[in-house]
Amino acid sequence: MDIASSINKLRTSRLSTRKALAEKAKIDLRHLIAIEEGRAMATDNDIEAISRVFHVKPEDWIK
């Protein structure tokens, strides 16, 4: 599974909207959408921020 799919799966499994995740992770909404759609790469900072929001380790959800 790629990063885009992993982010989408984690977000939807936690019943979070893209807007809510972007706000909580302090990621631009357009950037988050582009990541989930595979049009942009997630940075290490993006991955860390998303992990903090959902209280998980990156290695636990990035497969």
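Counting the residues of region 48-59 that are without any contact (Cβ under 8 Å) to a residue 40 or more places away in the chain and at negative phi gives 8.
Of the residues making up region 25-39, not a single one is at pLDDT below 95 and either of a type in the set (A, V, I, L, M, F, W, C) or touching a Leu at 6+ places or on another chain (Cβ under 6 Å) (or both).
Number of residues in region 13-47 that are without any contact (Cβ under 8 Å) to a residue 12 or more places away in the chain, in a helix (DSSP H, G or I) and either within 19 Å of Lys57 (Cβ to Cβ) or open to solvent by less than 100 Å² (accessible area, probe 1.4 Å) (or both) equals 7.
Looking across Ile7, Ile50, one residue alone is β-branched (Val, Ile, Thr), modelled with pLDDT under 95, under 10 Å from the mean Cα position of the chain (by Cα) and in a helix (DSSP H, G or I). It is Ile7. Inside region 29-59, residues that are of a type in the set (A, V, I, L, M, F, W, C) and under 16 Å from Lys9 (Cβ atoms) make up a count of 9.
The values are calculated or read from the model by the stated rules, or taken from the named source; none is laboratory data. Keep in mind that this is a model prediction, so the values were computed, not measured. Counting neighbours? That spans all protein chains shown, and the Cβs are built from the backbone with ideal geometry, glycine included. Accessible surface areas use protein heavy atoms only, side chains included; no ligands, DNA or RNA. Shrake-Rupley method; radii C 1.70, N 1.55, O 1.52, S 1.80 Å.
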